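Structure, as C-alpha cells:
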Amino acid sequence: CVFVLAFRVFLFFLRDLPWSNFYYPTHMRIDSLSFGVLLGYLYQYKTDAFIRVGRRFWPVFLVGPMLLILANIFPVETSPISYTAGFTIFYLVFGGLVVVARAYPDFGRSGPQRLIALAGVYSYTIYLAHSVLYELPGMNSVRRMVFPYFGNTGDRVLFFGLSILLGIAISHLI
C-alpha cells in the first residue's frame, strides 16, 4: 500500500499525466484492494483485535467520512491531491467504517441509521453507475438544463442523486 502511494506521488512529479492515468489502471489503485484484503485477513485471523479496534476507536472512524468533503474541494479530474494521496485517504476512511460496522453489527438494523445500511446494500452498483452516468445518451442535455439554474452545486446534486437511483435500478435489474 505504501509503495503504490509512493509510486503515484513519484509519477505525478515525474510526468505530466492526466488524472485518468492514475484512476483507471489497476496497478495505480491496487493499494485499495490490498487494504481490503488486509482487513479481511485481520478479521479472519485476528478477530478479537479487529473488533476491539472497532469498538475502541469508533469516534475516529465516524469522523473520518468528513474527510470525504475533500472529494468536493479537490475533484479527481483536476486535483493531484485526489488522485495521489486522496485515494489512500478514501480507502482508510471506508476501511475504518467497515471495522466499526463489524464491531457494531446491529447498528443498521433499525432507526435512521438503516439508511446507512441500505447504502451498503447498493454501494457497488452505485459505484458502477457513477462512473458511466455522464456518458449515457441525453445526459449532456439534462446537465445543460440544470446548470443555468443551479450551477455546479446543482450539477453535483444531480450527479449524486442520479448515481444512487441508477445504482439501485441496476441492482434490482440484476
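All of Phe22, Phe12, Phe87 fail the test of being under 23 Å from Ser131 (Cβ atoms), assigned to a helix (DSSP H, G or I) and more than 21 Å from the chain's Cα centre (by Cα), apart from Phe12.
Per-residue answers, yes or no, for (1) of a type outside the set (Val, Ile, Thr); (2) touching a Lys or Arg at 6+ places or on another chain (Cβ under 9 Å); (3) more than 27 Å from Ser20 (Cβ to Cβ):
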position: Ile69; (1), (2), (3): no, no, no
position: Ala85; (1), (2), (3): yes, yes, no
position: Gly95; (1), (2), (3): yes, no, no
position: Arg102; (1), (2), (3): yes, no, yes
position: Tyr134; (1), (2), (3): yes, yes, no
position: His172; (1), (2), (3): yes, no, yes
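Listed by first and then second residue, the pairs linking a residue in the stretch 44-65 that is among the charged types (D, E, K, R) to a residue that is part of a helix (DSSP H, G or I), with Cβ atoms under 7 Å apart and 6 or more places separating them unless they lie on different chains, are Arg55/Ala103.
Table: residues versus (1) exposed (fewer than 12 other Cβ atoms within 10 Å of the Cβ); (2) farther than 25 Å from Leu67 by Cβ.
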{"residue": "Ile89", "(1), (2)": "no, no"}
{"residue": "Leu97", "(1), (2)": "no, no"}
{"residue": "Pro112", "(1), (2)": "yes, no"}
{"residue": "Met139", "(1), (2)": "no, yes"}
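For beta carbons closer than 9 Å, sequence separation of 6+ or different chains, a first residue in the stretch 103-126 that is under 16 Å from His172 (Cβ atoms) and touching a residue at least 12 places away in the same chain (Cβ under 8 Å) and a second that is assigned to a loop (DSSP other than H, G, I, E, B) and open to solvent by 90 Å² or more (accessible area, probe 1.4 Å), the qualifying pairs are Thr125/Ile174. Within the stretch 1-29, the set of residues being of a type in the set (Phe, Trp, Tyr) and open to solvent by less than 50 Å² (accessible area, probe 1.4 Å) comprises Phe22, Tyr23.
The values are calculated or read from the model by the stated rules, or taken from the named source; none is laboratory data. Please read all numbers here as calculations on a predicted model, not as lab measurements. Heads up, the Cβs are rebuilt from the backbone with ideal geometry, glycines too, and the neighbour counts pull from every protein chain shown. Side chains are part of the model used for accessible areas, which takes the heavy atoms of the whole protein and leaves out ligands, DNA and RNA. Shrake-Rupley method; radii C 1.70, N 1.55, O 1.52, S 1.80 Å.
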